[in-house]
Amino acid sequence: MASEEPRFVSRGFTGRPHGPGADRLPPGQYLERGFPVLTAGPTPRVEPAEWSFRIDGMVGNELEWSWEEFARLPAEDVPCDIHCVTKWSKLDTSFRGVSVDTLLEAARPEGAFSMAHSFGGYTTNLPLEELTGGRAWVVTEHEGAPLPREHGGPARLLVPHLYFWKSAKWVRGLRIMDHDEPGFWEANGYNAHGDPWKEERYWTD
Amino acid sequence: MDGLTAVSQRAPGRWQIAEVEQIRVETPRTKTFRLRPPMWMPHLPGQHYDVRLTAPDGYRAERSYSIASSPLDQGVVELTVDRLEDGEVSSYFHDVLVEGDQVEVRGPFASYFVWRGEEPVLLIGGGSGVVPLMCMLRHRRRTAPELPMRLLYSARTRREVIYADELGDDAIVALTRELGGVPIEGIPRVQLGRIFPGLIAAEAFDSGLAFVCGSNGFVESISQMLLAAGYSPDRIRTERFGPTG
């Protein structure tokens, strides 16, 4: 949000103690120790045997990895903070998975935008510049254990520098496009870009 | 998830300073706050407002609350707020705010968990998950009273039933922690125990939508019952609240 003056002060509000660490919370976020679940609709049940990850659309080389093939790709640990648009943030968590750079390199994208697709029909749009440069992964583990189903298992996208709805659960692929297009939440009132540090929650932000 | 039209972009989006026009005690843990924002616009039943509290040192806390009132109540929105132990914002609403105070809000927002007049509709809420569903029920009663819409509402005890005096024969209340059998005055259909698959199967419609709102565990279990009762995933809209405050 741009600065707004004069600032409104809520009568009688002091807030929780906000000491060290508060600077790691984007505006409007609060610290959550658990890992809440936010999903539109029922949780899909996807077995690793039926999971695959596909990159198609405007690419030089369409690719699809089965679960077993994906498991052979180079994986890395991703320590990160995550920020949900519903106002909670979780600090110092970790995932493990394959960098999107690695996946895209083999596919040779010819467009600058993408749509992530999930089992269950969920979609979210991401410009490639948000998915590259070591800032996005397809992860299969959370804090040392297989990614739980309610958090997107067997695999989800992880784009921790954007609001967490961009980190599509049960991800099944990326479609590379030459234009931007709204995904599921982006068509339903939420911001196309979703940078938590700029508080890009809704269309009008 | 197909076929949803996008909501109007006329939503003000900007923070506004609303007046707290009325506060009603609903249950020992919930109160309804009727707010009058200077730039009001009609909402879709199911939408939410964001509220923001600012301390003198600039510290801010934000939360989202579902709208309980019908958009036919021009100029106002009612937010029903559950007081959570340790809830930074909900405890401020409950313990500090009085009628005549001002509070910063913006909205209405989001257009997935909204009712646009589809029929028939099955509403299933747990605890304060009933709030956006009550907005739908109230709006239907005023705009399309013949439209088939049923509410299944799970609460712990009779004292924790929100909007009890408005629940008619279009609602079934399931009390999960109540042992004994005195009926609730005015609510014709009360059962003891959780919402169970047989109840869902009996109340399910062959077509139309189901809206489910509550804790993640509640939504997950009800969604499974709906799937078993023949609802396809695209007929089930969910809103889950995790630990928040």
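Please treat every number below as a calculation from the coordinates, not as lab data. These numbers were taken from a predicted model, which means no experiment stands behind them. Ideal geometry is used to build each Cβ from the backbone, glycine not excepted, and the neighbour counts take in all protein chains shown.
As a test of understanding, state the convex hull volume per residue of the stretch A:148-205 from its alpha carbons, in Å³.
Details: hull volume 5.4 nm³, N = 58.
Each residue corresponds to 93 Å³ of Cα convex hull volume.
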Between 0 and 90°, nearest 10: helix B:216-228 axis offset from chain B longest Cα axis: 30 degrees
Packing-based exposure ordering (other Cβ within 10 Å, fewest first) of B:Tyr49, B:Tyr65, B:Tyr153: B:Tyr49, B:Tyr65, B:Tyr153
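Calculated from DSSP H runs of 4 or more alone, at -39500 (n - 2.57) each and per residue, what is the 222 nm mean residue ellipticity of chain A, nearest 500?
Counting only the DSSP helices, I get -2000 deg cm²/dmol.
For the protein assembly as shown, what is the number of Lys pairs with C-alpha distance below 20 angstrom, counting only pairs 8 or more positions apart or on separate chains?
Pairs that pass both the separation and distance tests number 7.
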Ranked list, fewest to most other Cβ atoms within 10 Å of each Cβ, for B:Val105, B:Val98, B:Val130: B:Val98, B:Val105, B:Val130
Relative contact order [Cα under 8 Å, 6+ residues apart], chain A, whole percent: 23 percent
Share, in percent, of DSSP beta bridges within the protein assembly as shown that are antiparallel, nearest 5: 65 percent
Relative contact order for chain B, counting Cα pairs under 8 Å that sit 6 or more residues apart, in percent: 19 percent
For q = 0.25 Å⁻¹, Debye-computed log10 I/I(0) when each Cα of the stretch B:16-109 counts as one equal scatterer: -1.49
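Would you please name the trypsin sites (Lys or Arg not before Pro) within the stretch A:30-133 that are DSSP coil residues with at most 16 other C-beta atoms within 10 Å of their C-beta?
Listed in order of number, the matching sites are A:Arg33, A:Arg45, A:Arg72.
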MRE, 222 nm, helices only [DSSP H, n ≥ 4, -39500 (n - 2.57), over chain B, to nearest 500]: -5000 deg cm²/dmol
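Quick check on the protein assembly as shown: what are the equivalent-ellipsoid semi-axes from the Cα gyration tensor, as sqrt(5λ), descending, whole Å?
Sorted largest first and rounded, they come to 37, 27, 20 Å.
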Inverse of mean 1/r across different Cα pairs in chain B, Kirkwood, Å: 18.5 Å
Listed residues A:Val37, A:Val139, A:Val100, most fluctuating in chain A (Gaussian network, C-alpha, under 10 Å): A:Val37
Top of B:Pro120, B:Pro56, B:Pro148 by mean-square fluctuation, Gaussian network on chain B, Cα under 10 Å: B:Pro56
Rg over Rh [alpha-carbon atoms, Kirkwood Rh] for the stretch B:43-83: 1.08
Principal axis dimensions, largest first and in whole angstrom, of chain A by Cα: 58, 37, 32
Highest-MSF residue in chain A out of A:Gly194, A:Gly21, A:Gly120 [GNM, Cα springs under 10 Å]: A:Gly21
Shielding by partners - mean other protein chain Cβ count within 10 Å, residues of B:56-68: 4
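How many partner chain Cβ atoms sit within 10 Å of a residue's Cβ in peptide A:37-46, on average, as a whole number?
For this peptide, the per-residue mean of nearby foreign Cβ atoms is 6.
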Rounded to 5, percent antiparallel among DSSP beta bridges of chain B: 55 percent
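Per residue, how big is the convex hull around the C-alpha atoms of the stretch B:137-212? Give it to me in cubic angstrom, could you?
Hull volume normalised by residue count: 102 Å³.
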Between the stretch B:17-93 and the stretch B:149-192, the alpha-carbon center distance in angstrom: 24 Å
15 Å tail of the calculated P(r), the stretch A:114-156, as % of Cα pairs: 51 percent
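Of chain A, which part is the longest with no GluC sites (Glu not before Pro) in a loop (DSSP not H, G, I, E, B) and with at most 13 other C-beta atoms within 10 angstrom?
Longest run free of exposed loop sites: A:144-205.
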Antiparallel bridge percentage (DSSP; both residues within chain A; nearest 5): 85 percent
